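Have a look at the structure below, then the notes.
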Amino acid sequence: MTEGFTDKPDQAAALRRLLAERDEELGVLRAERDGLRARSDARQAEIDKLRFLIRQLQRALYGRRSEKSDPEQLQLGLEDLEQSIAMAEAATQAAQPGGRPALTSRRNRGNLPKDLPREEIVIEPESKACPCCGGAMHIIGEDVAEQLDIVPAQFKVIVTRRPRYGCRACEGAVVQAPAPNRPIDGGMATEALIAHVIVSKYADHCPLYRQAQIFARHGIDLDRSTLAQWVGRAAWWLDLLYQRLLDGILASPVIFSDDTPLPVLDPGRGRTKTGRLWGYGRDERPWRGGAPPAIAYVYSQGRSHQYPLQQLNRFNGVLQVDAYQAYDRLVAERRDGSVVLAHCWAHSRRKFYEVEQATRSPIATEAIRHIAELYAVEAEIRGLTAEARRAGRHERSRPMVEAFKPWLEEQLRRIPGRGSLAEAIRYMLSRWHSLTLFLDDGRVELDTNAIERAIRPITLGRKNALFAGSDGGARSWAIIASLIQTAKLNQVEPFAYLRDVLQQLVAGHTVNRLDELLPWNWKPAPAAIAA
């Protein structure tokens with residue numbers, strides 16, 4: 001009995017030691033758990049903060065403040081923020097047990113085109129014997145995962161040999177196949193390489209000096225001046241096609257027009273001068289018109305009214321524009337009414353918006369609301385026929401417009417005549433006829449956003465390439481950019497299009513069949529498809 005009692009204190013001490021060790025282990029585990037939770041919470045808070053910033057930037061880009069936003073700068077900011085989110089999410093995933101993400105990814109991973117070449121890798125298990133009985137196993141299914149890979153740009157040299165044949169009996173007789181035409185006489189560039197250079201410059205906004213640096217990394221020594229000669233020769237080949245594109249746009253019944261500055265070197269004065277690129281666009285998709293969308297740019301050395309007058313001398317129809325007075329001169333000179341102006345509601349709204357942001361004026365806020373109601377109607381009738389759009393506007397938009405004008409006139413009598421709000425109201429009232437032309441013509445849009453979207457790529461290219469080297473270079477810019485942007489409007493890949501068009505033009509495509517090469521009519525040649 002005594003021996004049994006003496007063992008109990010030792011057992012109790014052992015149990016206490018075990019409990020203490022267990023409590024210590026649990027304390028360590030709790031500390032690790034709390035640390036992981038704190039780090040996870042911190043990372044999640046960082047992700048939430050970055051997502052909030054992204055939403056703010058997106059509202060600035062697409063929301064009411066879009067008039068003051070620089071889309072390109074916002075895109076750069078979004079890229080950096082999204083990269084930060086990816087880093088934070090990767091750290092959070094690594095902290096999870098087994099490296100599994102806590103939440104399902106919300107990324108749009110995209111769809112890989114079916115026509116891309118595919119290289120298949122089959123990963124077999126180490127053993128195909130059944131782990132239970134050792135028997136042979138058969139396939140009952142598979143998991144398939146696709147990853148997008150890239151083969152870096154590869155250059156090749158095309159060697160063309162033309163053997164000469166002579167006759168042993170007739171020493172003077174020599175036969176040789178004629179040399180094929182080249183896009184550049186005596187030059188080394190193929191049509192594909194030239195298309196790559198001009199698409200990189202005018203679609204991807206990579207200046208020629210940067211392209212020369214890229215070529216150098218591949219061991220190919222091409223200076224910028226050589227690339228510039230290639231671009232100039234390409235513009236020469238494409239000039240007639242560009243003229244055909246421009247003629248087709250100007251023959252349309254309704255077109256848009258806008259312009260943007262283009263700095264051009266002025267060697268005589270040792271500085272740059274400001275030229276203009278005028279954009280003339282056609283987009284009949286909102287009213288189911290039959291003509292495909294198109295855009296053509298025309299370069300001029302200034303913004304004088306004489307330039308649009310000259311460029312539009314063949315146009316007859318509705319011209320959708322901003323309030324530049326040169327267009328009014330065009331209508332005044334065409335006394336026969338062959339040109340009718342339709343002014344832009346977005347420009348009018350912008351003036352009220354600027355007043356509302358600066359002064360919080362309730363009148364400006366109410367004017368913006370009136371305009372928003374018209375846009376709501378437009379969103380519902382977009383894509384209907386011109387006649388259906390006209391009927392819808394008569395029923396819904398006309399009463400709004402007829403109530404809006406007397407309201408504007410009443411507000412103008414109540415406010416100081418020299419203020420910015422009065423200026424915004426007078427801007428609208430003085431153009432009321434051209435602003436309301438859309439009510440009676442279903443082909444007319446409420447604004448000129450279609451041409452402003454087409455002008456935006458020129459603005460981005462101007463930022464990256466700084467300026468055009470000369471008036472001739474600016475015209476080359478107009479020719480090539482017109483074909484590239486029109487191809488994109490018609491969902492045609494610019495590189496494949498320009499490569500094939502240059503090949504056909506160099507091979508002697510006849511002038512009377514140029515329409516076949518316009519982007520909406522273009523069909524890849526068999527050689528281009530094989531390539």
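The values are calculated or read from the model by the stated rules, or taken from the named source; none is laboratory data. Being a predicted model, the structure only gives us computed values, none of them experimental. In this analysis, Cβ positions are derived from the backbone assuming ideal geometry, glycine residues included, and neighbour counts consider all displayed protein chains. These area figures cover heavy atoms from the full protein model, side chains too; ligands, DNA and RNA do not enter into them. Shrake-Rupley method; radii C 1.70, N 1.55, O 1.52, S 1.80 Å.
Per-residue answers, yes or no, for (1) within 22 Å of residue 322 (Cα to Cα); (2) open to solvent by 20 Å² or more (accessible area, probe 1.4 Å); (3) over 34 Å from the mean Cα position of the chain (by Cα):
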position	(1), (2), (3)
371	yes, no, no
383	no, yes, no
410	no, yes, yes
435	yes, no, no
451	yes, no, no
456	yes, yes, no
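Assess whether residue 195 counts as being open to solvent by less than 60 Å² (accessible area, probe 1.4 Å) and either at pLDDT below 95 or among the hydroxyl-bearing types (Ser, Thr, Tyr) (or both). Even if it seems obvious, please write down each step before you answer.
Numbers: open to solvent by less than 60 Å² (accessible area, probe 1.4 Å): yes; either at pLDDT below 95 or among the hydroxyl-bearing types (Ser, Thr, Tyr) (or both): no.
No; evaluated as a whole, the condition is false for this residue.
Within region 325-333, can one find any residue that is open to solvent by 50 Å² or more (accessible area, probe 1.4 Å) and part of a loop (DSSP other than H, G, I, E, B)?
Looking for residues that are open to solvent by 50 Å² or more (accessible area, probe 1.4 Å) and part of a loop (DSSP other than H, G, I, E, B), one finds none in region 325-333, hence no.
Rundown of residues vs (1) open to solvent by less than 50 Å² (accessible area, probe 1.4 Å); (2) assigned to a helix (DSSP H, G or I); (3) modelled with pLDDT under 90; (4) over 27 Å from residue 278 (Cβ atoms), yes/no style:
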site	(1), (2), (3), (4)
417	yes, no, yes, yes
424	yes, yes, no, no
428	yes, yes, no, no
439	yes, yes, no, yes
447	yes, no, no, no
488	no, yes, no, no
491	no, no, no, no
496	yes, yes, no, yes
522	yes, no, no, no
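Among the residues of region 238-276, what is the count of those that are open to solvent by less than 30 Å² (accessible area, probe 1.4 Å) and modelled with pLDDT of 90 or more?
Number of matching residues: 15.
Which condition from (1) in a helix (DSSP H, G or I); (2) open to solvent by 50 Å² or more (accessible area, probe 1.4 Å); (3) small (Gly, Ala, Ser) is the one that residue 290 breaks?
(1)
Among the residues of region 273-281, is any touching a residue at least 12 places away in the same chain (Cβ under 8 Å) and either in a loop (DSSP other than H, G, I, E, B) or touching a His at 6+ places or on another chain (Cβ under 9 Å) (or both)?
Quick first cut of region 273-281, residues touching a residue at least 12 places away in the same chain (Cβ under 8 Å) only: 273-281.
Next, only the ones that are either in a loop (DSSP other than H, G, I, E, B) or touching a His at 6+ places or on another chain (Cβ under 9 Å) (or both) stay: none.
Looking through region 273-281, none of the residues is touching a residue at least 12 places away in the same chain (Cβ under 8 Å) and either in a loop (DSSP other than H, G, I, E, B) or touching a His at 6+ places or on another chain (Cβ under 9 Å) (or both).
I'm trying to understand the selection: among the residues of region 293-324, which are modelled with pLDDT of 90 or more and open to solvent by 70 Å² or more (accessible area, probe 1.4 Å)?
The answer is 306, 310, 313, 314, 316.
Can you tell me which residues in region 189-234 are within 11 Å of residue 480 (Cα to Cα) and under 23 Å from the mean Cα position of the chain (by Cα)?
195, 198, 199, 201, 202, 203, 231 - these are the residues of region 189-234 that are within 11 Å of residue 480 (Cα to Cα) and under 23 Å from the mean Cα position of the chain (by Cα).
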